[in-house]
1. Which pairs have Cβ atoms under 9 Å, sit 6 or more apart or on different chains, and link a residue in the range 190-207 that is in the same structural domain as Tyr253 (by TED's automatic domain parsing) to one that is surrounded by 15 or more Cβ atoms within 10 Å (Cβ to Cβ) and among the polar types (S, T, N, Q)?
2. Could you tell me whether Glu119 is of a type in the set (D, E, K, R), farther than 23 Å from Leu48 by Cα, assigned by TED's automatic domain parsing to the domain that holds Ser88 and part of a loop (DSSP other than H, G, I, E, B)?
3. If a residue has to be part of a helix (DSSP H, G or I) and at pLDDT below 60 to count, how many in the range 332-374 make the cut?
4. Just to verify a result, which residue in the range 251-287, among those that are of a type in the set (D, E, K, R) and surrounded by 14 or more Cβ atoms within 10 Å (Cβ to Cβ), is nearest to Glu362 (Cα to Cα)?
5. Would you confirm whether or not the range 225-238 contains a residue that is without any contact (Cβ under 8 Å) to a residue 24 or more places away in the chain and either of a type in the set (Ser, Thr, Tyr) or in contact with a Leu (Cβ under 7 Å, 6 or more places away or on another chain) (or both)?
6. With respect to Thr228, is the statement that it is of a type in the set (Val, Ile, Thr) and either surrounded by fewer than 19 Cβ atoms within 10 Å (Cβ to Cβ) or outside the structural domain of Leu342 (by TED's automatic domain parsing) (or both) true?
7. Go through (1) surrounded by 14 or more Cβ atoms within 10 Å (Cβ to Cβ); (2) part of a helix (DSSP H, G or I) for Asp187 and report which single condition fails.
8. Among the residues of the range 57-72, what is the count of those that are in a strand (DSSP E or B) and out of contact with any Leu (no Cβ under 8 Å at 6 or more places or on another chain)?
Amino acid sequence: MRIHFLSKILALTALFCSIGLSAKENAQTEETPQGTKAEIKAYIEHHLQDSHDFSLYSYTNDQGEHVYVGFPLPVILWDDGLKIFSSSRFHHGEEVAEVDGNYYALHHSKIYKTDASGELNMDAEGHPINVKPLDLSITKSVVMMLVTGLLLIWLFSSLARSYAKNGGLPSGIGRFFEPIVLYIRDDIAIANIGEKKYKRYMPFLLTVFFFIWFLNMFGLTPLGVNVTGNIAVTTALAILVFLLTNFTGTKDYWKHIFDPLGDGMPWYGKIVIYIILVPIEILGLFIKPFALLIRLYANMTAGHVVLMSLIGLIFIFKSWVGGPLSFGLSFAISLIEVLVALLQAYIFTMLAALYFGFAAEEHDHGHGDETELAHL
């Protein structure tokens, strides 16, 4: 056992030494380019943005040309009519796409209308001022959401069929997912909403949990997707929570917002207090979903930035110490990100259930006094 353990240690040491020596030799033969940091920063920014194609990797051929390996996606624009074409016309932002006599250029994953030269007009802050057509394109984030949605439908439909065949008992992968579903039902839905009304919210809670979890896990793959790090996606999820919370709210929920003190004091005593208190309660309706979208967006974006930055340090240090150290830290952060992917889905689902519980709560007006009188 000790010999086997020592052999693993020696193998890992040899691997790290070979990586460090190769990086050191490259550093001796080729100096670090001045634009390495800028290139790493641009790569991180590109990774965080949505794009109109899937680029798995790229390399430079013998002719000095950049070759991209991936596949394009359809571009759908509304600019004096519907225009549909392949994103391959942009050649990853290096060329101008000509469609029906109009020219379009790609700049930081956004499409602008230009002339034949493809030059953009910039303002003082360096932002393009060209006309932006309405972009309805199927980007890689949209593709991953569709893939995740279809995967959820297929997975849980097959699980439902297996439950029906086995008399309600789990089998196969259902043994892994059943405890998660039961945990969401018992410790999230029932605990925060109550046994009477939790069932109406269970489909949404289960869907949003697995949807966010699977998207977060896809974000850790080499596909280079960062769907939950897109604020438009988290905003859409928060809007759904906002609509469900307020459209299913009981009269006690709305009474608490516009009359938070209830019958505790006469109306003329509450006027001055309500000038401040009621606007705060109304503002809280929008602060809750805003906190949801910012929390998910910020945590997932920060994780990707830290991970990509640590990987970029390998190309900056180029030494037998910095390279293996950056690689080890990147590996450790990747393991933490697997936990964060699940944790963020849990937090979003938990807070959504908590808001639903506030909206569905009903008070038994006067029943407490009647019960006490009955006991007497």
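The values are calculated or read from the model by the stated rules, or taken from the named source; none is laboratory data. Please read these numbers as outputs of a predicted model, since none were measured by experiment. Don't worry about glycine lacking a Cβ; one is built from the backbone with ideal geometry, like all the others, and counts go over all protein chains shown.
1. Within 9 Å, the pairs are Tyr198/Asn192; Leu205/Thr349; Leu206/Thr349.
2. Here the answer is yes, as Glu119 does meet what is asked.
3. Here is the first cut: in the range 332-374, the ones part of a helix (DSSP H, G or I) are 332-360, 367-374.
Among the residues that remain, those that are also at pLDDT below 60 are: 367-374.
Total satisfying the criteria: 8.
4. Within the range 251-287, the first condition is being of a type in the set (D, E, K, R), and the residues that meet it are 251-252, 255, 259, 263, 270, 281.
Add one more test, that the residue is surrounded by 14 or more Cβ atoms within 10 Å (Cβ to Cβ), and what stays is 252, 259, 270, 281.
Values: Asp252: 6, Asp259: 15, Lys270: 23, Glu281: 18 Å.
Selected residue: Asp252.
5. Kept after step one, since they are without any contact (Cβ under 8 Å) to a residue 24 or more places away in the chain, are these residues of the range 225-238: 232, 236.
Of the ones still in play, those that are also either of a type in the set (Ser, Thr, Tyr) or in contact with a Leu (Cβ under 7 Å, 6 or more places away or on another chain) (or both) are none.
No, the range 225-238 contains no residue that is without any contact (Cβ under 8 Å) to a residue 24 or more places away in the chain and either of a type in the set (Ser, Thr, Tyr) or in contact with a Leu (Cβ under 7 Å, 6 or more places away or on another chain) (or both).
6. No; evaluated as a whole, the condition is false for this residue.
7. So Asp187 meets the others, but not (1).
8. The first filter runs over the range 57-72 and keeps only residues in a strand (DSSP E or B), leaving 57-60, 66-72.
Next, only the ones that are out of contact with any Leu (no Cβ under 8 Å at 6 or more places or on another chain) stay: 57-60, 66-68, 71-72.
Going through the range 57-72 one residue at a time, the tally reaches 9.
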